[in-house]
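The values are calculated or read from the model by the stated rules, or taken from the named source; none is laboratory data. Just so we're clear, the structure is a prediction, and the values are computed from it rather than from any experiment. Cβ placement follows ideal geometry from the backbone for every residue including glycine, while neighbour counts extend to all protein chains displayed.
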C-alpha cells in the first residue's frame, strides 16, 4: 500500500507560534511555551473532531466538496456557535507565500467599500430549480443524445488509438476502490482472466437509425441546398454520438476526394473539406485512427495540380488555403513523437517546393501548407526561398506571355508569399525598413515585401492601441457558439424520435444561469462580405477591418473563404 | 452517547416521553437491554451469577445520583420506589464503591428486581444515555488504570506479531484479526495513562500494519493524544463499551492461548479477556477472503447467536378486494377488447391471497391500518398496472428515464417518488421541500374553510369541487424546516409526505393543503433519514443520535426506539411486510429490528464504509446495502448471511432499488452512473448448504462483472434516487453538477 498515505496519518498539530499570535490578537500578552503547546494540541484535536463531523454533513448533502455550511452544522452539533459571515464560494482564493524556510497559506481579505456594495445593482435572480427528463437508456441501450455523455469518451478514444495495449472495457478497469491486503495474488489472476476474455469490441454494424442518419448527413453535405448543408455540418461538429460512424465518414471523405479530384469538381471538394473541418471540431471525437485516410485527402486538396475545370476563373486557391489550415490544425492536435505527422508533412511540402518543375498551383499549395504551420516554419523554410521564388515569379511576369494560367498562378504565389512573410519579417527584422536592403536580401520580391512589412508594422501598432477598446465592446463574441448549441439540439431532436426533449442543452452547461442565450448576430458574416466586396467607404473599412481581424482570429475563418469562393463560383 | 453534551435538555425530553412509552414498555424492553448491557462496564459481561446483579444496582444508584444532582426529585422518588432501594443503601453504595455486603444482602430479590429495573430503565432511555456520562465513563476507563510497563507495549505487540506471522497459514489469517483491536486498546491504554510520546511512537510504528478499511478510525485515533480527549470522543467510548467481536476457530484460539501463557504475556491476555469477545467455533479455520468479507465494522463481526432469532420475512396476505369494483373496472377494460386479461388477473390475485407463506408473520402481528375505499381503488389500479408490467431479465433490460434537477444551487439532498410514480419530492439543503407532479395532472390545494362551507357536500364530484383551481401548478414548495432536509418519503396513499432535517425534527406534510401537519421532535440531532411503512401509518427515522425511532403518524412521541448502533443511523428501510425495519449506520453495520418488540434480530457486518442505501427485495427474502466504499452487499435475511458482493461503483452508492419482480437490482452512485445487476443470478448461485448456514462462513463468488448487466453514465449528475414504476420502467433522479 502507498507509504505516503500512511505518512498522512501521523498527527499534525498547529504550530505554537500560531497560538501565540492568536493569543496576542485577543490581548493575552505573554503566553508560556508550555501552555502554547497544550493549547495547540487541544485546538488541533478539536479542529479535527469538527472536520470529521463536517464530513458527515458533506456525505449526507451528497456532495464531494466540504462547505463552510458543513462546518457550521458540525459546530452546532457540539453546541458551539457557528462562525457567521463565511460563505461557500466555488473557489476560495487561498494564497501561498513562502519565505524564511516557512510555507504559508493565507486568505487574502480585501477591504470592502460599503458604498460600492450599496450602489451596485442587484445581481440577477438565479434561475429556479427545474426538472428535466431524458432517456438514460432505452431497453438497455443508451441513446446518443446531447443529454447523455458520448458513448466513448474522447480520452478513451485517444488511449485506444495511441496505446492500444492499455485499452480496457469501460467498467473493467474500475476494480472497486478497496483492495484489502492479501488480495494481491487473486487480483493478478483476475487480470489474467480479463485479458483472456477481451475481444475486439467495436462492432461495425450501424443501427437502422444510424444508417438513416448517415445517409441524410452525407446527402446534405454534398447536396445542393446550402441551408441543409449548414445544418448537417453543425450536427457533425456537435453531435456526441458519432463515434461509431466515424470510419464511414472517413471513407466517404477519402473516396469522395479521390473521385472528385479526377473530375475536377471544386464545389464537392470544398464540401468534403468542410466535413473534415466539422469532424475535427466535434469535441467528442478523436480522429487519430482515421488520419491515414483523412490526411491524404486533405493534402490532395492542398497540392493537387488541378482542382477545378477552369483554373483561370475558379477560386481553387481558397480551397487550398482552407485545406492547408486543416492540415496545420491536425498537425497541431495529432502530431506525436511516434507518428511524426508534422515533420512528414513538412518534408513533403518542402520537397515539392524545391522541385523546379512543380506547377504554380502545387507550389501555391506547398507554400500555403507550410505557412500555416507557424512562424517558425515560415522563417526557416520559406523566407530563405524568397529570392528564388521571386526570380521565378519575375520570369513569368516579365517574360513572354506563355499562358494566362501561369500568370495567375505566379500572381497568387506572390501575394501569398507577401502575406505570410510580411508579418514574420516585421517581427524578426530590425528597423529601419530600407527598400534597397530588402532588395538585396530578398531579390525581386524585396520591394513589395518592404512595403508590406511597413504596413504590417503600422497595423500592429494600431491594433495594439485599439484592440483593448474594441474587445471591451465585443465582450460577447461567444454567441456563435450558442447558436451551434441550439442548432444541435434542434437537429438531434428531429432525428431521434421517442425522446423527451430538453429544449436547449445550454441551460445545462451555462455557467451563468441568468444569461439568456442570444441568437447569433448573423451580421458578422455580412461585415466580412462587405469588406471583401470592397463596397464600404475607407473609414468604415478601417473599423470593419478591426472587427474582421478580431473575428477571423477567433472562429468563422473558413466562412470568409467560402463566402469568397462561393461568390466567385457564382460569377 | 450523543446525549453526553447536554444532559439536562435531554432529560426534559425524556420526561415528556415517559408516560407514552411506559404504556408499551415491555416491548421496548429488549431493545434497551441491549443498550443497558452496552453501557455497563465490560465487567458485567462476565457470566458469573452475582456480578451482574451487583453491577445493575450500581447502575441504578448511578442513575439515582444523577437525577439527584439535577434536582429531579420526583423521578428519584419514583425510581427509588420501583427499584425498592433505600436511601441509606444508595448512600452507602456511593461511599464505598465496591458495592459491599449490602448489595448482596438484597441479592435475594435481586432477580425480581432486575426485571422491574429494566422496565424502568426502558421507560427512561434517555436517562440511561445520560447516566453513561459521568459515573459510567469513569468505570469504563478505569479498566485501563492497571497499567503495564509502557515501553514494553511495543515489545508485547511485536512479539505477538512475530508469533502470528510464524504460525501456519490457515491460522495466521484468523489470528491476524487480533491486530486491530489489540492495537487500538493498547494505544488507548497508553494514552489513558498519560504516556503521550510512547503512545505516539506506538501508533507510528504499527498503524501501518492495520487493514486499510480501518483507515477512517485510525484517523480519529491519531488525533487522540490526551487522556482528556478520551472523555468526549463518542467513537472511542463505543470502542470501550462494546466488546470487539472476533470469530476464531477453536484450534487457532488454543494456539494463541498457549502462546500467551508460555510467554506470560499478561498484558495482551488481559486485553483479550476484558475488551474482546472471542466467538469460538469448531471446524476449519476461515480463509483470509472469508474473514475480509465479514470484517470491517466498528465493533468487529456479529456474534453468531445474535443472528439466530427467527425472522418472518414472508409477505403478508394481500387483502381481498370486493369483486364488484373489480368487475366494473374490467368492463371498462373489456371495451378495449381484452377478455383474456380478466382471467390472468384473477389468477394472480387468487394465488397471492390463498397461499399462506410459512415464513410470513401473522397477519395481525403488527396492527395495520384498515384499508380505505381510496386504498382499495389504488390496489386495483396497481393490479391493473402490474399485468402490463414488463418482465425484466438479463436479455430484457429496463428503460431508464432520468429526472435531472437543474439549477439546484442550493443542493439537492434527498428525493422520493410515489409508488405510482405520479409525484416527485426533493429535499434541499436550503431547508425547503419541493413537490413536483411528473404527470400532466397539476398540484392543487384544497380550498379555504370559508369556501369549503359553501360547497354542496352531497354532490357527486365533491372531491373535485373542494380543490382550488387557482392554485394549480406543477410544483409546490414546502417551507418549515430550519436546516438541510436529508430525507423525504411519501406515504403510500399519496396524502402525506415526511421530511427529516438537520434541525432534528421530522415533519409530516399534507399533500392536500400543502402545509405542515406535525413536527415530530425527539432526535434533537440531525435526522438523516425517514421512511414510511409500506402500509402507511408507521414510519421510522434515524439520525445522528445513533438510534432509529418508530413513530405512528398520530402520536407525537415514538412508539419504539431502536438503540444499538455505535454511530449515526444513516439510512432506514421498512421490510415489505412492515414487521421489520432495517437500518444502516456509520458504524458500518446493517441491523434489522423487530417492530413488534424492538429487538435487534440481525446484525450484518462486512461493509467497509458508512452505509448510505438499503433495499429489500420485493419477496422480502433479501436485503441489499450500499456504502461509501462503492460496493453493494446482498444479504439473506432468513439466515443472516452475506450472499453476494457487487463491485464496480467508484463512489458512494446513494440509491438502490429492486425491480418490481426482483429480477434486477439497480444501483445509483455519486460516480454519475446507474448500474443494473442480475440479482436473480446472484441469489441463485449461492450455495447455502447446512454447514454454511450454521457457521455463517460463506465463499463469495467473485463474479461482479458477470452480474453487471448494464452501466449508464450521466453527464455529471450524481444519482440520488432510483424508483421502478409499476410497469418496471426505471426512474432515476439527481441534480446536475456544473463543474
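The set of residues in region A:86-106 being closer than 26 Å to residue B:738 by Cα and at pLDDT 75 or above consists of A:95 alone.
When the residues of region B:223-264 are filtered to those that are over 28 Å from residue B:564 (Cα atoms) and at pLDDT below 80, the one that is farthest from the other protein chains (Cβ to nearest Cβ) is B:264. Going by the structure shown, is residue B:463 in a strand (DSSP E or B) and free of Cβ contacts under 8 Å to residues at least 24 places away in the same chain? When the stated conditions are applied, residue B:463 does not pass them.
A quick yes/no check of all residues on (1) within 12 Å of another protein chain (Cβ to nearest Cβ); (2) under 28 Å from residue A:61 (Cα atoms); (3) touching a strand residue (DSSP E or B) at 6+ places or on another chain (Cβ under 8 Å):
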residue	(1), (2), (3)
B:389	no, no, no
B:400	yes, yes, yes
B:406	yes, yes, yes
B:411	yes, yes, yes
B:437	yes, yes, yes
B:440	no, no, no
B:446	no, no, yes
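Just to be sure, is residue B:675 outside any helix (DSSP H, G or I), farther than 21 Å from residue B:394 by Cβ and at pLDDT 90 or above? Here the answer is no, as residue B:675 does not meet what is asked. Residue count for region A:23-44 satisfying the condition of being free of Cβ contacts under 8 Å to residues at least 12 places away in the same chain, within 11 Å of chain B (Cβ to nearest Cβ) and within 52 Å of the chain's Cα centre (by Cα): 1. For region B:300-324, a residue qualifies if it is modelled with pLDDT of 80 or more and touching a helix residue (DSSP H, G or I) at 6+ places or on another chain (Cβ under 8 Å), and the qualifying residues are B:300, B:301, B:317.
If you filter region B:208-222 down to residues that are within 7 Å of chain A (Cβ to nearest Cβ) and closer than 16 Å to residue A:55 by Cβ, you find that the one that is farthest from the chain's Cα centre (by Cα) is B:222. For region B:700-717, residues that are within 8 Å of chain A (Cβ to nearest Cβ) and in contact (Cβ under 8 Å) with a residue 60 or more places away in the chain total 6.
Against the numbered list (1) in a strand (DSSP E or B); (2) within 14 Å of chain A (Cβ to nearest Cβ), residue B:591 comes up short only at (2). Pairs, please: C-beta under 9 Å, at least 6 apart or cross-chain, first residue more than 14 Å from chain B (Cβ to nearest Cβ) and in region A:108-133, second not in a loop (DSSP other than H, G, I, E, B)? Listed pairs, sorted by first residue: A:108/A:94; A:108/A:95. Here residue B:175 meets the list (1) within 23 Å of residue B:290 (Cβ to Cβ); (2) within 12 Å of chain A (Cβ to nearest Cβ); (3) in contact with a helix residue (DSSP H, G or I) (Cβ under 6 Å, 6 or more places away or on another chain) almost entirely, failing just condition (2). For beta carbons closer than 6 Å, sequence separation of 6+ or different chains, a first residue in region B:293-322 that is touching a residue at least 24 places away in the same chain (Cβ under 8 Å) and a second that is part of a helix (DSSP H, G or I), the qualifying pairs are B:296/B:213; B:301/B:294; B:317/B:353; B:318/B:352; B:318/B:353; B:320/B:353; B:321/B:376; B:321/B:379. Can you confirm whether residue B:687 is assigned to a loop (DSSP other than H, G, I, E, B) and either more than 9 Å from chain A (Cβ to nearest Cβ) or modelled with pLDDT under 90 (or both)? So residue B:687 passes the test.
Would you mind stating whether residue B:641 is within 17 Å of residue B:614 (Cα to Cα), at pLDDT 90 or above and crowded, with 20+ Cβ neighbours inside 10 Å? Considered against the rule, which asks whether it is within 17 Å of residue B:614 (Cα to Cα), at pLDDT 90 or above and crowded, with 20+ Cβ neighbours inside 10 Å, residue B:641 comes out as no. Scanning region A:317-340 for residues that are touching a helix residue (DSSP H, G or I) at 6+ places or on another chain (Cβ under 6 Å), free of Cβ contacts under 8 Å to residues at least 60 places away in the same chain and buried (at least 19 other Cβ atoms within 10 Å of the Cβ) returns A:320, A:323, A:324, A:326, A:327, A:328, A:331, A:334. Of the residues in region A:74-84, at least one is more than 9 Å from chain B (Cβ to nearest Cβ), within 30 Å of residue B:609 (Cα to Cα), part of a helix (DSSP H, G or I) and modelled with pLDDT of 85 or more. Number of residues in region A:134-148 that are more than 7 Å from chain B (Cβ to nearest Cβ) and either outside any loop (DSSP other than H, G, I, E, B) or out of contact with any strand residue (DSSP E or B) (no Cβ under 7 Å at 6 or more places or on another chain) (or both): the value is 3. Within region A:393-411, the set of residues being surrounded by fewer than 19 Cβ atoms within 10 Å (Cβ to Cβ) and part of a helix (DSSP H, G or I) comprises A:394, A:395, A:397, A:398, A:404, A:405, A:406, A:407, A:408, A:411.
Here is the figure for region A:430-447: residues that are surrounded by 17 or more Cβ atoms within 10 Å (Cβ to Cβ) and in a loop (DSSP other than H, G, I, E, B) total 1. In region B:719-739, the residues that are more than 12 Å from every other protein chain (Cβ to nearest Cβ) reach residues that are part of a strand (DSSP E or B) with C-beta atoms within less than 7 angstrom, at least six apart or across chains, in these pairs: B:723/B:417; B:723/B:657; B:723/B:731; B:724/B:657; B:724/B:730; B:725/B:731.
When each of A:34, A:4, A:17 is tested for being at pLDDT 85 or above and in a helix (DSSP H, G or I), the lone residue that passes is A:34. In the set (1) surrounded by 18 or more Cβ atoms within 10 Å (Cβ to Cβ); (2) within 14 Å of chain A (Cβ to nearest Cβ); (3) under 28 Å from residue B:440 (Cα atoms), the condition left unmet by residue B:504 is number (3). Could you check residue B:513 against (1) in a loop (DSSP other than H, G, I, E, B); (2) closer than 23 Å to residue B:238 by Cβ and say which number it fails? Result: residue B:513 passes all but (2). The residues listed here are B:602, B:631, B:591; of these, the one that is more than 23 Å from residue B:211 (Cα to Cα) and free of Cβ contacts under 8 Å to residues at least 60 places away in the same chain is B:591. A single member of B:156, B:187, B:180 is within 23 Å of residue B:258 (Cβ to Cβ), in contact with a helix residue (DSSP H, G or I) (Cβ under 7 Å, 6 or more places away or on another chain) and either at pLDDT 85 or above or not in a helix (DSSP H, G or I) (or both), and it is B:180.
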